[in-house]
Amino acid sequence: MENSPNSFRTQPDERGHFGQFGGRYVAETLMPLILDLEKEYRAAKADPSFKEEFDDLLEHYVGRPSPLYFAPRLTEELGGAQIWFKRDELNHTGAHKINNCIGQILLAMRMGKTRIIAETGAGQHGVATATVCARFGLPCTIFMGATDVARQQPNVFRMKLLGAEVVPVTSGAATLKDAMNEALRDWVANVHDTFYIIGTAAGPHPYPELVRDFQSVIGKEAREQMLARTGRLPDLLVAAIGGGSNAIGLFHPFLDDPDVGMLGVEAAGHGLDKQHAASLAGGFPGILHGNKTYLLQDEDGQITEAHSISAGLDYPGIGPEHAWLKETGRVEYTAVTDDEALDAFQLLCRTEGIIPALEPSHAIAAIVKRAKEMPQDSVILANLCGRGDKDIFTVAEALGVEM
Amino acid sequence: MTRLASAFAKPHPALVCFITAGDGDTAANLDALVAGGADVIELGMPFTDPMADGPAIQAANLRSLGGGTKTADVLRIATDFRARHPDVPLVLMGYANPMVRRGPEWFAEACTRAGVDAVICVDLAPEEDPDLGPALREAGISLVRLATPTTDASRLPTVLEGSSGFLYYVAVAGITGKQQAAIESIESNVSRIKRSTDLPIAVGFGVRTPEQAAEIARVADGVVVGSALVEIIAEHGANAPAKLRELSAALAAAVHEARN
């Protein structure tokens with residue numbers, strides 16, 4: 001491993017850099033607020049009452065700790081390593097997104113902000129944000145690409161039921177990247193009273209750090225549960241990556257366990273030589289949405305459109321800590337196609353009676369390839385970061401089933 | 001004296017006109033703005049994700065990219081402009097990613113060859129200056145930074161450190177082409193900033209009419225107009241030059257005479 005640091009858990013530096021990645025690339029109007037957010041976050045981190053409230057909400061509102069589950073029939077079917085799942089799809093709202101939203105809305109209130117905005121792709125982060133806004137009585141505006149609004153109607157309705165205003169964004173390709181641009185435009189115009197709840201471990205510092213910290217509950221619980229249940233640590237962690245918040249949440253507490261391997265799974269869409277959403281596999285370092293990271297872009301630095309069957313992975317960038325973990329070699333990254341994810345989706349339904357979201361279906365597809373190569377006494381732990389109810393229409397269409 | 005310094009040393013405030021490169025017949029449009037009386041030209045480098053811009057300039061970016069504009073085309077437009085107008089300062093405005101894609105040194109050298117005087121990089125906070133600032137300074141290209149209503153006294157020195165050419169005061173906390181700020185707020189912020197720097201201060205965002213421009217020119221060294229010009233290009237296409245000349249002449253008269 002080249003330039004291996006003493007610890008992989010001390011990033012970012014005080015300027016928000018993970019090696020050459022991360023940072024604060026925002027318009028000047030936002031800088032004072034970003035600096036203020038960093039200061040508030042440091043104070044909150046040192047304040048036991050903040051952690052107490054966060055933990056209490058995670059336990060009684062979200063339903064944590066989520067179970068650690070050994071998947072016997074999947075393990076048998078693949079005939080290699082034992083496969084375990086961290087069941088974050090059982091959280092309130094059906095995905096890991098809520099962990100982060102709870103943390104950020106507590107920060108927003110601490111800062112005296114009275115209005116919440118967020119971007120959403122598939123709508124999972126939008127639903128989680130609308131949920132915490134309803135819980136705390138704050139007005140909420142969700143920016144969502146018009147294309148996504150059309151193909152994710154159930155989530156649009158959920159957000160509205162929860163009291164959020166959903167603003168369809170028509171600029172660009174009208175998907176997640178454009179929703180994020182529009183959220184930033186709203187924020188610039190409303191910095192005095194508005195808090196932006198970013199949905200993944202990306203954006204300007206301190207967002208990648210604080211989202212990681214809030215999501216690290218996944219890895220902390222999993223590490224304890226695994227030790228308690230088996231007396232050992234897993235050999236390999238596996239998680240799907242769009243922006244990378246569920247993956248960093250699982251990986252981070254294990255980064256300094258040298259015997260624990262880690263595999264991040266990007267979306268290869270139609271294939272890495274065609275349209276995809278794998279910014280590490282097919283992109284180059286660049287600057288977008290407040291941070292320096294790997295981006296899908298052309299030779300002029302224009303951002304190219306991503307594609308994945310999973311709307312939650314359909315983004316041309318990735319969190320900066322993953323870019324750094326790739327460069328240091330600590331985490332291995334791979335990519336699986338839409339078709340492989342669809343097969344894995346059906347495999348888990350059939351073998352374990354769990355309908356996974358299309359995002360973790362990518363992690364499962366990577367496990368299908370990897371488990372067979374590993375001995376039967378080895379352990380793979382994957383994050384089942386979301387449930388698949390939201391995806392059944394997409395899957396039906398992909399399989400040619402009329403509903 | 002540099003071209004930019006000369007423009008701000010004129011006996012009247014400067015009119016800064018912005019359009020997006022590759023949106024319409026850019027050469028003809030730029031010539032019209034100079035003929036109308038623009039003192040400084042701000043040329044936008046199109047980007048797929050212009051998150052500090054309002055609808056008018058967003059659309060201009062997408063029209064330009066949709067028409068196939070490449071970075072090489074933007075630089076060619078600048079080079080040709082410099083050949084036709086040896087004395088008019090030219091500022092490239094855009095977002096960080098297209099500027100740093102081939103490395104900061106490459107970009108600084110390309111700017112030098114194209115006769116670009118200064119660069120405005122919207123999403124390069126002073127904290128991330130190493131990505132572009134040193135290469136530009138080495139090449140003698142000014143880096144124009146933005147100050148905003150949220151840039152308070154404690155932060156202003158950070159913004160000024162390494163700024164050159166002029167300082168761009170963003171009149172509203174918001175995106176381009178939307179509401180106009182109250183003149184009282186502009187006046188108090190400009191005079192506050194003036195106490196900390198000798199750089200000329202140009203004010204932009206939300207300035208559309210000669211009347212607004214005149215009001216600002218009474219308190220600032222320059223006035224930037226962008227969205228109103230870009231909208232003319234969107235509406236009039238090939239016939240835009242005549243209309244641009246008309247509006248820039250009215251703006252120039254208002255700005256140049258504001259203090260008389």
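The helices (runs of 4 or more DSSP H) located wholly in segment A:294-376 that include 1 or more residues which are within 14 Å of another protein chain (Cβ to nearest Cβ) occupy A:320-328.
Among the candidates B:Asp221, B:Asp198, the residue that is under 17 Å from B:Ala7 (Cα atoms) and out of contact with any strand residue (DSSP E or B) (no Cβ under 8 Å at 6 or more places or on another chain) is uniquely B:Asp198. Number of residues in segment A:260-284 that are part of a strand (DSSP E or B), open to solvent by 10 Å² or more (accessible area, probe 1.4 Å) and more than 9 Å from chain B (Cβ to nearest Cβ): the value is 1.
May I ask you to list the residues in segment A:285-324 that are among the polar types (S, T, N, Q) and either within 17 Å of A:Pro208 (Cα to Cα) or open to solvent by less than 10 Å² (accessible area, probe 1.4 Å) (or both)? Spell out how you get there, then give the answer.
Pass one, segment A:285-324, residues among the polar types (S, T, N, Q): A:291, A:293, A:297, A:302, A:304, A:308, A:310.
The answer is A:Asn291, A:Thr293, A:Ser308, A:Ser310.
Looking only at segment B:85-109, filter to residues that are assigned to a helix (DSSP H, G or I) and within 12 Å of chain A (Cβ to nearest Cβ); which one of those is most open to solvent (accessible area, probe 1.4 Å)? Full working, then the answer.
Our first condition is that a residue be assigned to a helix (DSSP H, G or I); within segment B:85-109, this holds for B:96-100, B:104-109.
From what's left, within 12 Å of chain A (Cβ to nearest Cβ): B:96-100, B:104, B:106-107.
On the way: B:Ala96: 1, B:Asn97: 2, B:Pro98: 4, B:Met99: 1, B:Val100: 28, B:Pro104: 30, B:Trp106: 87, B:Phe107: 1 Å².
Only one residue tops the list, namely B:Trp106.
For segment B:122-147, residues that are outside any helix (DSSP H, G or I) and within 7 Å of chain A (Cβ to nearest Cβ) total 6.
Sort through B:Thr150, B:Thr158 and tell me the only one that's of a type in the set (Val, Ile, Thr), facing chain A (nearest Cβ under 10 Å) and part of a loop (DSSP other than H, G, I, E, B).
Values: B:Thr158 fails: part of a loop (DSSP other than H, G, I, E, B).
Result of the check over B:Thr150, B:Thr158: B:Thr150.
B:Ala72 falls short on exactly one of the conditions (1) buried (at least 20 other Cβ atoms within 10 Å of the Cβ); (2) in a helix (DSSP H, G or I), and that condition is (1).
On the given criteria, is B:Gly174 more than 23 Å from B:Lys10 (Cα to Cα) and either in contact with a Ser or Thr (Cβ under 8 Å, 6 or more places away or on another chain) or among the hydroxyl-bearing types (Ser, Thr, Tyr) (or both)? Show your work before the answer.
Working: more than 23 Å from B:Lys10 (Cα to Cα): yes; either in contact with a Ser or Thr (Cβ under 8 Å, 6 or more places away or on another chain) or among the hydroxyl-bearing types (Ser, Thr, Tyr) (or both): yes.
Yes.
Screening the candidates B:Asp117, B:Asp53, B:Asp31, B:Asp39 for the property of being within 14 Å of chain A (Cβ to nearest Cβ) and in contact (Cβ under 8 Å) with a residue 40 or more places away in the chain yields one hit, B:Asp53.
Does A:Arg73 satisfy the condition of being more than 14 Å from chain B (Cβ to nearest Cβ) and assigned to a loop (DSSP other than H, G, I, E, B)?
Working: more than 14 Å from chain B (Cβ to nearest Cβ): yes; assigned to a loop (DSSP other than H, G, I, E, B): no.
Here the answer is no, as A:Arg73 does not meet what is asked.
Residues of segment B:1-12 that are under 15 Å from the mean Cα position of the chain (by Cα) and not hydrophobic (A, V, I, L, M, F, W, C): B:Arg3 alone.
Each residue in segment A:59-78 was checked for being over 25 Å from A:Met109 (Cβ atoms) and open to solvent by 40 Å² or more (accessible area, probe 1.4 Å), and 7 of them qualify. Could you check segment B:15-42 and list, in sequence order, the residues that are among the aliphatic types (A, V, I, L, M), closer than 26 Å to B:Ala96 by Cβ and either out of contact with any Ser or Thr (no Cβ under 9 Å at 6 or more places or on another chain) or surrounded by fewer than 24 Cβ atoms within 10 Å (Cβ to Cβ) (or both)? B:Val16, B:Leu30, B:Val40, B:Ile41 - these are the residues of segment B:15-42 that are among the aliphatic types (A, V, I, L, M), closer than 26 Å to B:Ala96 by Cβ and either out of contact with any Ser or Thr (no Cβ under 9 Å at 6 or more places or on another chain) or surrounded by fewer than 24 Cβ atoms within 10 Å (Cβ to Cβ) (or both).
The residue that is most open to solvent (accessible area, probe 1.4 Å), counting only those in segment A:79-101 that are more than 26 Å from A:Leu313 (Cα to Cα) and part of a loop (DSSP other than H, G, I, E, B), is A:Gly79.
Across segment A:157-178, the number of residues qualifying as modelled with pLDDT of 95 or more and closer than 17 Å to A:Asp314 by Cβ comes to 2. Keeping to segment B:225-248, report how many residues are farther than 14 Å from B:Arg63 by Cβ and either β-branched (Val, Ile, Thr) or open to solvent by 40 Å² or more (accessible area, probe 1.4 Å) (or both). So the answer is 6.
Each residue in segment A:148-164 was checked for being of a type outside the set (D, E, K, R) and either exposed (fewer than 14 other Cβ atoms within 10 Å of the Cβ) or out of contact with any helix residue (DSSP H, G or I) (no Cβ under 9 Å at 6 or more places or on another chain) (or both), and 5 pass. Annotation note: Cβ proximity below 8 Å between a residue of segment A:236-252 that is free of Cβ contacts under 8 Å to residues at least 60 places away in the same chain and a residue that is hydroxyl-bearing (Ser, Thr, Tyr) and surrounded by 24 or more Cβ atoms within 10 Å (Cβ to Cβ) (sequence gap 6+ or interchain) occurs for no pair.
Screening B:Arg82, B:Arg63 for residues that are surrounded by fewer than 21 Cβ atoms within 10 Å (Cβ to Cβ), of a type in the set (Lys, Arg) and under 29 Å from B:Gln179 (Cβ atoms) leaves exactly one candidate, B:Arg63.
Taking the criterion of being within 11 Å of another protein chain (Cβ to nearest Cβ), surrounded by fewer than 21 Cβ atoms within 10 Å (Cβ to Cβ) and within 14 Å of A:Glu321 (Cα to Cα), the residues of segment A:15-58 that qualify are A:Arg15, A:His17, A:Gln20.
Selection of first residues in segment A:7-23 that are polar (S, T, N, Q) and of second residues that are open to solvent by 70 Å² or more (accessible area, probe 1.4 Å), restricted to Cβ pairs under 9 Å at least 6 apart or on distinct chains, gives the following pairs, ordered by first then second residue: A:Gln20/A:Glu327.
I'd like to know if segment B:35-45 contains one or more residues that are part of a helix (DSSP H, G or I) and modelled with pLDDT of 95 or more. Give the derivation first.
We begin by selecting, within segment B:35-45, every residue part of a helix (DSSP H, G or I); these are B:35-36.
After this cut, where a residue has to be modelled with pLDDT of 95 or more as well, the list is B:35-36.
Checked segment B:35-45: at least one residue is part of a helix (DSSP H, G or I) and modelled with pLDDT of 95 or more.
Open to solvent by less than 10 Å² (accessible area, probe 1.4 Å) and in a helix (DSSP H, G or I): does that describe A:Ile142? No: the conditions fail for A:Ile142. Which of the residues belonging to segment A:325-345 are open to solvent by 10 Å² or more (accessible area, probe 1.4 Å), of a type in the set (Gly, Ala, Ser) and under 19 Å from A:Ala382 (Cα atoms)? Of everything in segment A:325-345, just one residue is open to solvent by 10 Å² or more (accessible area, probe 1.4 Å), of a type in the set (Gly, Ala, Ser) and under 19 Å from A:Ala382 (Cα atoms), namely A:Ala335.
The values are calculated or read from the model by the stated rules, or taken from the named source; none is laboratory data. Quick caveat, the model's predicted, so the values are computed rather than measured. Note that we place each Cβ from the backbone using ideal geometry, even for glycine, and neighbour counts take in every protein chain shown. Keep in mind that these areas ignore ligands, DNA and RNA; they rest on the heavy atoms of the full protein, side chains included. Shrake-Rupley method; radii C 1.70, N 1.55, O 1.52, S 1.80 Å.
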